[in-house]
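What follows is a single structure, written as structure tokens, with notes after it.
Where a number appears in this text, it was derived from the coordinates with a stated rule and is not lab data. Please read these numbers as outputs of a predicted model, since none were measured by experiment. Methodologically, a virtual Cβ is constructed for each residue, glycine included, from the backbone with ideal geometry; neighbour enumeration extends over all protein chains shown.
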Amino acid sequence: MRLLVDSLQEYFISVEGRKLLYRLHPLTKIFLAIISIPMAIILDIYGLAIYSIYITILCIIGLEHRRFLRMLFSPAIFIGIISIFIFIYGLSSRGISINSIIALLRSIAIGSLRIYILVISFGILFSTTRLQSIARIFSYIGIPYIYIYMILLSLRFIPILLSDFIEIYYIQSLRGFDSGRSFLDRIRSLLSLFIPLFIVTLSRLDEVSLSLYLRGFGYSHRRSYTYVERLGYIDILVVISISILIGVLVWV
């Protein structure tokens, strides 16, 4: 469970680095994440495979290898569970035959590639870009920064909640907490952990709201920033490569 939580936290905790994806302009990474949505929908299995390879190469070049492997852990488990469920349900409804197995494997591959593209694309954005940088880009196009910060802070709270849940789980285990043997018993026992998690979350929300109030958040609609990222040659090359790849996959 700890590995799963660490993998999920990698998507919502932004850190600074010197590799390629850390040095890209936030607008470039937003473009990559947004353009991946229609690409995941309209491309066929071969186009999805090529686009997935492109994103994987970006991650291998632009991220630490250990961090990229940790990011792959949670979607791999999710895709594996969904694939097994779809395969078993498909065989039970269609019957066991070579054609049905091939069709199921093809649909599972398409769905897995779509999930992978979306998860990794948005994971690149949120894990390598600061909250202030994302909010600044959206504020430039006219979206009020108050609403942007509200959404982004909610996303940033996800790893905190996961970390608190694991901490509460281990503390309860030291106190003799028994999760049970069967799967249903474990689900029922985990429900008792949400009460202290809910209390801790309310306490954190109160601290955040008090901090924002003391700093005058929302008092003025004009924002000032200590620094501004600038588009570089790397951003231009990445955008051109994405555009060429999309053109080839869509029109060829």
_Test of understanding: ordering Glu167, Glu229, Glu207 by Cβ neighbours within 10 Å, fewest first, what list do you get?_
Glu207, Glu167, Glu229
*For the chain, what is the convex hull volume of the alpha-carbon atoms per residue, in Å³?*
171 Å³
*asked:* Can you find, among Phe73, Leu249, Ser100, the residue sitting farthest towards the positive end of the charge dipole of the chain, where Lys and Arg contribute +1 and Asp and Glu -1 at Cβ?
replied: Leu249
*asked:* Between Arg66 and Val200, what is the label-point separation in nm under the 7 Å Cα-to-beta-carbon projection?
replied: 2.4 nm
_Contour minus Cα-Cα distance for Ile34 and Phe85 (0.36 nm per residue)_ = 15.5 nm
*Quickly estimate the mean residue ellipticity at 222 nm for the chain, helices only: each DSSP H run with n ≥ 4 gives -39500 (n - 2.57), and the total goes over all residues, rounded to 500.*
-26500 deg cm²/dmol
